[in-house]
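> One structure follows; several queries about it will come next.
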Amino acid sequence: MSDKVVEVKNVYKSFGKKKIIKDLSFSVDRGEIYGFLGPNGSGKTTTIRMMVGLIGIDKGDIFIEGYDVRKDKIKALEHVGAIIENPELYKYMSGMQNLIHFARMSKTPVSQERINEIVKLVKLEDAINKKVKTYSLGMKQRLGVAQALLHKPSILILDEPTNGLDPEGIHELREYLRYLAKKENISIIISSHLLSEVELICDNIIVIQEGKLIGERTIKNENNSLEEKLDVEIEVDNIDLAKKLINSVGVVKVEKNRIVINLIRDEIPLIINRLIDGGLKIYEVKQITQSLEEVFLSMTKEGK
């Protein structure tokens, strides 16, 4: 089984004379959470609708678990769970009745054991036998995700999943999506305009603008390489002496008693020891990182 759950290759889409998607390519790895980002009108929803077979592809290919969405649509979509905008639920039925109903419509057999497993996974055990009309927005969103997971998909696609949720509901959704990706080894694509939430939940981002890919980036890397270059800010009591002691390392910026240097991770302890041995007092050491908002704005500015 390939580690690439989704592959979008040189895809084009137009509506009338207007070109919406232009030579778009990207891939999604197994068990990873991706933020699918772009300004309004960039083509995010159009791309998602092509991925789930709601609209056709003019040119190019989309593969899901190796199946071509255009040529083998049924097989491809067997591996997809999706919520486009708000989940469609029967409010007069209980959560369990909804899941049983959707399980009956699935082309893949879904056992009661699987339904119970999913209810537990999305943490709705206490409310599953209550009518959906009594659910909060967060509970409805979780029930919608449960519905999308019944047939054990490889990829879960969520379009603006936090719409209408209060801060507590957003927090709950974030926590259990990360749990879900780890527990079920599911890939998740989240299209959202809330960059702060994407930054907290996603492993990677894909950014498109005017229908074109303008950037991809990993935003969570728990195993930073010792050879990875990064910017480190150090606050000291004597900035002039600090500059002399570390003159062999690239100084990026000096401001008051703070110096920013660019170095590989493995050099940090050596530099700190050199400063201390030189008689300096060190008050703070921190890595300088860009927020996702800064990364996004930089990418979209360059993409214009």
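> Just give me the residues in the range 152-169 being modelled with pLDDT of 80 or more and surrounded by 19 or more Cβ atoms within 10 Å (Cβ to Cβ), in sequence order.
PRO153, SER154, ILE155, LEU156, ILE157, LEU158, ASP159, PRO161, listed by residue number.
> Would you confirm whether any residue within the range 172-189 is at pLDDT 85 or above, closer than 15 Å to ARG142 by Cβ, assigned to a strand (DSSP E or B) and of a type in the set (A, V, I, L, M)?
yes
> Mind telling me which of the residues GLU222, GLU255 ends up being modelled with pLDDT under 85 and within 29 Å of the chain's Cα centre (by Cα)?
Going through GLU222, GLU255 in turn, the sole match is GLU222.
> Taking the range 63-98 only, how many residues are within 25 Å of LYS131 (Cβ to Cβ) and surrounded by fewer than 15 Cβ atoms within 10 Å (Cβ to Cβ)?
Summing the residues that are within 25 Å of LYS131 (Cβ to Cβ) and surrounded by fewer than 15 Cβ atoms within 10 Å (Cβ to Cβ) in the range 63-98 gives 5.
> Looking only at residues in the range 191-209 that are among the aliphatic types (A, V, I, L, M) and surrounded by 20 or more Cβ atoms within 10 Å (Cβ to Cβ), which one is farthest from ASP23 (Cα to Cα)?
ILE201
> When you scan the range 258-281, how many residues do you find that are of a type in the set (A, V, I, L, M), part of a helix (DSSP H, G or I) and under 36 Å from the mean Cα position of the chain (by Cα)?
The total comes to 4.
> Shifting gears a bit: Criterion first (within 30 Å of LYS75 (Cα to Cα), in contact (Cβ under 8 Å) with a residue 40 or more places away in the chain and in contact with an Asp or Glu (Cβ under 8 Å, 6 or more places away or on another chain)) does LEU121 satisfy it?
Criteria met by LEU121.
The values are calculated or read from the model by the stated rules, or taken from the named source; none is laboratory data. Source: prediction; values computed, not measured. Positions of Cβ are generated from backbone atoms using ideal geometry, with glycine treated the same way; all protein chains shown enter the neighbour counts.
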